[in-house]
C-alpha cells in the first residue's frame, strides 16, 4: 500500500475531477480529493474505497492557506504525493456585457490564481523529492480566442502558465502536462452539449500522461470530440 502513488485532484467533486479519481484508483493510485463541496467529496471518497484509497479535503483553490493544507493532508495521510492535478475551474457566459463583475472576479481568481497557487503549493515538495508530475486543466479555449469570452482569456493564462512551468523545471525530473479538452459533457455547462466528450475520456488522457515511462514527458494533450469543427 505504501508504494502506491498518490494523486491530488482539485475540482474533484464532479465531472473530469471525479472521473479521473475513479480511473486513478483503478490504475493503483491513492487519491486526495479536493473541492469546496464536502458532501460530494465524502461520498466519492467512500465509493472509491475509503481512507485506504481516498480522502476528501475541503479546499478553496484561491486560498493559499487551503492549498498548503491540502498538500500537507496528502503527506500526513499517505506519506507521499507523486502528482497534482490542478483541475478546478468554471466558466461564464460569452459577452463582455454578460455576467456580474463579481462572477468575473471569482472565475479569474479560481481559474488563474487558483492554478498558480496549486503549482506553488506542490512544486516545493516535488523539487525536494526530485520528481513529480503537475497536470493543469486548460481548454481548447486556451489555444484560440472565443468571441466575447473572458473564460477563454483565463485558459490562455493557464496554457501560458503550463509552458512557463515546463521551462522552469526542464532541467529536473518533474513533469508538466496541459490537458486541453474541447466540449465535455459535465456540470460546467447549463445546457449540456450534444456530441461532446465524456469526463472519462479526459480521465483516460490524464492517466495516459501519468503512466508514461520516467523519461517521457507528455506536455500537451488537445482532445476534441470527433465532429467538433473548431
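Regarding the stretch 44-62, can at least one residue be identified that is in a loop (DSSP other than H, G, I, E, B), touching a residue at least 60 places away in the same chain (Cβ under 8 Å) and crowded, with 21+ Cβ neighbours inside 10 Å?
Looking through the stretch 44-62, none of the residues is in a loop (DSSP other than H, G, I, E, B), touching a residue at least 60 places away in the same chain (Cβ under 8 Å) and crowded, with 21+ Cβ neighbours inside 10 Å.
When you scan the stretch 71-126, how many residues do you find that are assigned to a loop (DSSP other than H, G, I, E, B) and under 27 Å from residue 163 (Cβ atoms)?
10
Of everything in the stretch 215-227 that's at pLDDT below 95 and surrounded by fewer than 13 Cβ atoms within 10 Å (Cβ to Cβ), which residue is nearest to residue 137 (Cα to Cα)?
226
Scan the stretch 142-159 for residues that are more than 19 Å from residue 85 (Cβ to Cβ) and in contact with a helix residue (DSSP H, G or I) (Cβ under 9 Å, 6 or more places away or on another chain) and jot them down.
143, 144, 145, 146, 149, 150, 151, 152, 153, 156
When the stretch 202-229 is examined, which residues are found to be under 15 Å from residue 185 (Cβ atoms), in contact with a strand residue (DSSP E or B) (Cβ under 6 Å, 6 or more places away or on another chain) and assigned to a loop (DSSP other than H, G, I, E, B)?
225
Being assigned to a strand (DSSP E or B) and out of contact with any helix residue (DSSP H, G or I) (no Cβ under 6 Å at 6 or more places or on another chain) is the requirement here; does residue 175 meet it?
Yes; evaluated as a whole, the condition is true for this residue.
Please indicate, with yes or no, whether at least one residue in the stretch 7-25 is in contact (Cβ under 8 Å) with a residue 24 or more places away in the chain, in a loop (DSSP other than H, G, I, E, B) and surrounded by fewer than 16 Cβ atoms within 10 Å (Cβ to Cβ).
No, there is no match, as no residue in the stretch 7-25 is in contact (Cβ under 8 Å) with a residue 24 or more places away in the chain, in a loop (DSSP other than H, G, I, E, B) and surrounded by fewer than 16 Cβ atoms within 10 Å (Cβ to Cβ).
Taking the criterion of being surrounded by 22 or more Cβ atoms within 10 Å (Cβ to Cβ), without any contact (Cβ under 8 Å) to a residue 60 or more places away in the chain and over 30 Å from residue 97 (Cβ atoms), would at least one residue in the stretch 149-167 satisfy it?
Within the stretch 149-167, one or more residues are surrounded by 22 or more Cβ atoms within 10 Å (Cβ to Cβ), without any contact (Cβ under 8 Å) to a residue 60 or more places away in the chain and over 30 Å from residue 97 (Cβ atoms).
Condition check: surrounded by fewer than 16 Cβ atoms within 10 Å (Cβ to Cβ) and either in contact (Cβ under 8 Å) with a residue 12 or more places away in the chain or out of contact with any helix residue (DSSP H, G or I) (no Cβ under 6 Å at 6 or more places or on another chain) (or both). Does residue 79 satisfy that?
yes
So is residue 136 outside any loop (DSSP other than H, G, I, E, B), more than 20 Å from residue 10 (Cβ to Cβ), in contact (Cβ under 8 Å) with a residue 24 or more places away in the chain and touching a helix residue (DSSP H, G or I) at 6+ places or on another chain (Cβ under 8 Å) or not?
No; evaluated as a whole, the condition is false for this residue.
The values are calculated or read from the model by the stated rules, or taken from the named source; none is laboratory data. The structure presented is a predicted model; accordingly, all values stated were derived computationally and were not measured. Neighbour counts are summed over all protein chains in view; Cβ atoms, including those assigned to glycine, are modelled from backbone coordinates with ideal geometry.
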